Amino acid sequence: MENIWVEEVFKDVIGLRFRVKEILFQGQSPFQKVLVVDTYGHGKALLNDGMLMVTERDEFVYHDMIVHPAMMTHPNPKKILVIGGGDGGTVREVLKYKSVEKVVMVEIDEMVTQACKDHIPQTSSKLGDPKVELRFEDGVKYVADTKEKFDVVIVDSSDPIGPATPLFNKDFYQGVYNVLEDDGIVVSQCESPYYEIEMQKTIARIKSELFSIVRMANYTNLSYPGGMWSFSFASKKCDPLKDFNKERYKELDGDFEYYNDQIHFGAFQIPNFQLKQISEYLSPWPNQ
Ligand code: SPD
């Protein structure tokens, strides 16, 4: 048996290796190196510039947590904007909601989406849904230029290096604020609290300067360095700790592999080392 491994080296301090059964696709796009491999322990996996994006084994955790806390909080999510998310897992989860009329996915790198359509149907299979509009362009420019308004914006970016870097600054979030309806919600993948606390602080501060409600949620995963990963939530009005929609949850209960009503609330309780760094930018806990 061949002994091929693919390794993500994260911030030059840790490496995570996955044993490869077969290389399914490799290409150089105008933005990054795109690689899809079949692995022994984690199913098919997508790596952009050597950074692991999804594995079939645990993508459900990330996609549940980037989508459902926001979708269960908004009063009536009809129009959804996904920035990034080229593998399609976020769109797949959004389409579970019967209120959803339109999903615009703005992915900068068409090669990522094509590679996932060709090799990872587990995440990409719903990208052809008639409610989905796929746009291969720069998400920062899209939110700056579009006249469309959205109920929920989901920033499913890659890491804050390479093509995703502009998705971690204030100009972008000002654009997101402008495209959101008055009860709009934005949720963003927010990296590891162990390795990227300064970046988490920056995102929490930027959002606190624009939005009334700002929270951070954590979950644990198998494939990203450090295990614990975060999502940053912000809204003009809606609070996931006060506006959880029990009726909607009951309709969809059973459709989720990770998320449930207890995790909805538990995920927003974050540990002290992280709180110490970002609590000044987070909304107070209800009843405090
Ligand atoms: N280091 C991985 C950071 C998260 C990347 N986004 C994953 C995309 C899944 N749709």
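Couple of notes before you dig in:
- Zero-based 5 Å bins, Cα pair distances in segment 136-182, whole percents: 5, 23, 31, 26, 11, 4, 0
- 10 °C / 1.306 mPa s Stokes-Einstein diffusion coefficient of segment 1-120, Kirkwood radius on C-alpha pairs, µm²/s: 102
- Footprinting exposure proxy ranking of ILE4, ILE278, ILE83, ILE197, fewest other C-beta atoms within 10 angstrom first, gives ILE4, ILE197, ILE278, ILE83.
- Counting every C-alpha pair in segment 197-288, the share spaced more than 15 angstrom apart comes to 63%.
- Within-11-Å neighbourhood charge of PRO130 [Cβ basis; K, R +1; D, E -1]: 0
- Antiparallel DSSP beta bridges within segment 1-136, percent to nearest 5: 70
- Residues MET199, MET65, MET53, ranked from the fewest to the most other C-beta atoms within 10 Å, line up as MET199, MET65, MET53.
- Selected from ASP171, ASP261, ASP145 as most flexible by GNM, with the chain as the system and alpha-carbon contacts under 10 Å: ASP145
- Ellipsoid semi-axes for segment 4-55, based on the Cα gyration tensor and the rule √(5λ), read 16, 16, 8 Å when sorted largest first.
- Entries in LYS126/LYS149; LYS96/LYS141; LYS131/LYS201; LYS33/LYS126 that, when Cα-Cα distance is taken, lie over 26 Å: LYS96/LYS141; LYS131/LYS201
- Scanning the chain for GluC sites (Glu not before Pro) in DSSP loops with at most 14 neighbouring Cβ atoms within 10 Å leaves 149-256 as the longest stretch between them.
- Spatial offset of segment 99-160 relative to segment 46-67 amounts to 15 Å, using the alpha carbon center of each.
- Scaled against 2.2 N^0.38 Å for its residue count N, the alpha carbon radius of gyration of segment 132-250 is 1.08.
- Relative frequency of Cα-Cα separations exceeding 33 Å in the chain, percent: 16
- Computed from point charges on the beta carbon alone (+1 for Lys and Arg, -1 for Asp and Glu), the dipole magnitude for segment 224-286 about its Cα centre is near 300 Debye.
- Cβ-placed point charges (K, R +1; D, E -1), dipole of the chain about Cα centre in debye, nearest 20: 560
- Neighbour-limited loop hits for trypsin sites (Lys or Arg not before Pro), segment 117-217 (at most 16 other Cβ within 10 Å; DSSP other than H, G, I, E, B): LYS131, LYS147, LYS149
Every number in this text was worked out from the coordinates using simple rules, so none of it is lab data. Since we're looking at a predicted model, the values are computed, not measured. Cβ: placed from backbone, ideal geometry, glycine included. Neighbour counts: every protein chain shown.
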